[in-house]
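Everything on this sheet refers to the single structure shown next.
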Amino acid sequence: MSPKEEKETSTARYALIGTIITAVIGLAGTAITIYFQTVAPAQIALRSTQTAEMRQTLAAAATQSVTPTRTPSPTPVTPTAVVPTHPPTLTPVPPTATPTLTPTPTFNGLKFCINPRNVNVRSGPDVAFEVVGWLTFEDCLYFDGRTADNGWLRIESGQPLYMDLGGNWVRSDLVRPPDFDQLPELESPPIPTPTPTPEG
């Protein structure tokens with residue numbers, strides 16, 4: 001083969017190799033383009049769907065694990081009243097006695113008061129009778145009778161403060177007021193044998 005032919009053959013060979021390489025590169029680019037336009041988006045969408053589902057699953061699992069368990073509150077205990085087996089014994093209370101009112105005694109005589117500091121009370125209407133007691137200017141009491149000459153007054157019986165002096169006599173000039181005519185006239189007892197005693 002002549003050098004010229006060899007050169008042409010070599011050129012043709014290189015042109016064929018270049019064409020093959022160009023074709024391979026073109027096929028590779030097409031495949032890559034098809035992959036990124038079709039297969040890759042589908043895989044990305046699938047991965048996104050799987051990732052979202054996984055996230056939801058993980059979130060649900062986390063929620064279930066985090067949700068606290070509620071402890072039931074204790075049931076309140078209602079206190080039970082203790083009923084005594086025996087009823088209480090009632091002690092009867094005696095009725096309160098109604099106080100009886102003591103009636104105030106009424107007197108038929110008239111009330112007079114003593115004038116001097118000390119006055120003798122005698123058993124009869126005369127200085128000849130014995131002295132049975134005495135009265136003071138603080139005493140006011142009832143008298144139920146007088147002598148005919150109004151010289152003596154008799155103390156009425158039954159007076160609480162003068163129980164031991166009832167029925168005895170006091171000189172009328174030693175009491176006040178000097179108004180004795182309203183008192184009934186009483187019969188004088190017999191005068192005993194005179195015994196010297198101080199007057200008054």
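Condition check ((1) more than 16 Å from Val131 (Cα to Cα); (2) part of a loop (DSSP other than H, G, I, E, B)) across all residues:
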position: Asp149; (1), (2): yes, yes
position: Arg154; (1), (2): no, no
position: Ser157; (1), (2): yes, yes
position: Met163; (1), (2): no, no
position: Gly167; (1), (2): no, yes
position: Pro178; (1), (2): yes, yes
position: Asp181; (1), (2): yes, yes
position: Ser188; (1), (2): yes, yes
position: Ile191; (1), (2): no, yes
When Ala148 is run through (1) under 21 Å from Thr106 (Cβ atoms); (2) touching an Asp or Glu at 6+ places or on another chain (Cβ under 7 Å); (3) of a type in the set (Gly, Ala, Ser), the failure sits at (1)
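Where a number appears in this text, it was derived from the coordinates with a stated rule and is not lab data. These figures come from a predicted structure and were not determined experimentally. We place every Cβ from the backbone using ideal geometry, glycine too, and count neighbours over all the protein chains shown.
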